[in-house]
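These notes concern the structure reproduced below.
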Amino acid sequence: MQRPGEMKKRKIKTENERSPKKKKTQQKFTTDVQKIGAWIQFRLMQRETGCSNSSLNKIADSFVIPMRIRRKADVLILKKSGAKALELNGCIGCHKFVWTPSNKSTRCPKCNGRRYHPDSKTPLERAFYFPIGAQLRKLLKLKSFRDLLLHEYKRTCNSKFMSDVFDSPVWQQIAGLPSSVLTRILLATLLCGRNP
Ligand SMILES: [Zn+2]
C-alpha cells in the first residue's frame with residue numbers, strides 16, 4: 001500500500017515526464033526522411049478521405065513540410081506504384097506529329113509547325129497518357145490485390161437475382177465463367193461527357 005505522500009510524489013514525476021514528450025511531438029518531422037514519411041501518410045489519408053490537393057498542401061504547410069519534399073515523396077510513390085503520366089504535345093499545323101517527353105524539339109519535322117505558343121512555353125496542344133502496364137505488373141505482385149481479383153469467383157450469389165455486374169448476361173458472354181485461379185483481367189473504362 002502506498003502512503004498519500006508517495007502517490008503525490010509519483011504524480012508530480014509523471015507530469016514532469018510529459019513535458020519533454022510534448023516537446024518531442026512538436027518537433028516530429030525534423031529530418032527529410034521523416035518529412036517524406038509524413039507526406040506519404042498524408043497521401044494515404046487523401047486516398048481514404050478524398051480530400052483535395054489544396055487541403056493536403058495546407059496540412060503540410062502547418063507541419064512545415066517543404067514543397068521539394070512533397071515532390072520527392074510523390075516521385076517515390078509513383079516509382080513504387082509503377083504509375084506514370086506522360087504529357088504528349090501534338091502539332092496543330094498538320095495533326096500528324098506527336099512530341100513525346102524525351103523529344104525536346106520545338107518545330108514539327110513534318111510541317112515545321114510550332115510546338116509552343118510564340119509568347120510562352122505553353123504547348124499549343126496537350127494530351128495526357130497514362131500507361132497502365134507497369135502499374136498492373138506492380139499490383140499483381142501484391143497478394144491482397146490478387147485476392148481482390150478473385151472476388152468474382154469467391155462472392156456469394158443467387159442465380160435468381162442479378163446483384164452485381166458479374167451476374168449480367170453481357171458480362172458472362174464477354175468474360176466467361178470465373179475460376180479459382182487468375183486467368184484474366186477485364187479493364188472497364190468509364191467516359192462521362194467525352195468522346196472515347
Ligand atoms: Zn506538323
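Taken over the range 81-137, the residue count meeting the criterion of being surrounded by fewer than 14 Cβ atoms within 10 Å (Cβ to Cβ) and touching an Asp or Glu at 6+ places or on another chain (Cβ under 7 Å) is 3. Pairing residues of the range 163-190 that are outside the structural domain of residue 153 (by TED's automatic domain parsing) and under 15 Å from residue 136 (Cα atoms) with residues that are at pLDDT 90 or above and assigned to a loop (DSSP other than H, G, I, E, B), at Cβ distances under 7 Å and at least 6 apart in sequence or on separate chains, gives no pairs at all. Within the range 74-125, can you find the residues that are within 27 Å of the chain's Cα centre (by Cα), assigned to a loop (DSSP other than H, G, I, E, B), polar (S, T, N, Q) and within 16 Å of the ligand (Cβ to nearest atom)? If the condition is that a residue be within 27 Å of the chain's Cα centre (by Cα), assigned to a loop (DSSP other than H, G, I, E, B), polar (S, T, N, Q) and within 16 Å of the ligand (Cβ to nearest atom), then 100, 103 are the ones that fit. Only residues that are in contact with a helix residue (DSSP H, G or I) (Cβ under 9 Å, 6 or more places away or on another chain), under 27 Å from residue 130 (Cα atoms) and not acidic (Asp, Glu) were counted in the range 145-186, giving 12.
Would you please name the residue that is surrounded by the fewest Cβ atoms within 10 Å (Cβ to Cβ), looking only at residues in the range 41-69 that are over 26 Å from residue 127 (Cβ atoms) and in contact with a helix residue (DSSP H, G or I) (Cβ under 7 Å, 6 or more places away or on another chain)? Top of the filtered list is 63. Is it the case, given these coordinates, that residue 138 is in the same structural domain as residue 187 (by TED's automatic domain parsing), under 30 Å from residue 183 (Cβ atoms) and in contact (Cβ under 8 Å) with a residue 24 or more places away in the chain? Taking the combined requirement at face value, the residue satisfies it.
The values are calculated or read from the model by the stated rules, or taken from the named source; none is laboratory data. Source: prediction; values computed, not measured. Here Cβ is always computed from backbone atoms with ideal geometry, including for glycine, and neighbour counts include all displayed protein chains.
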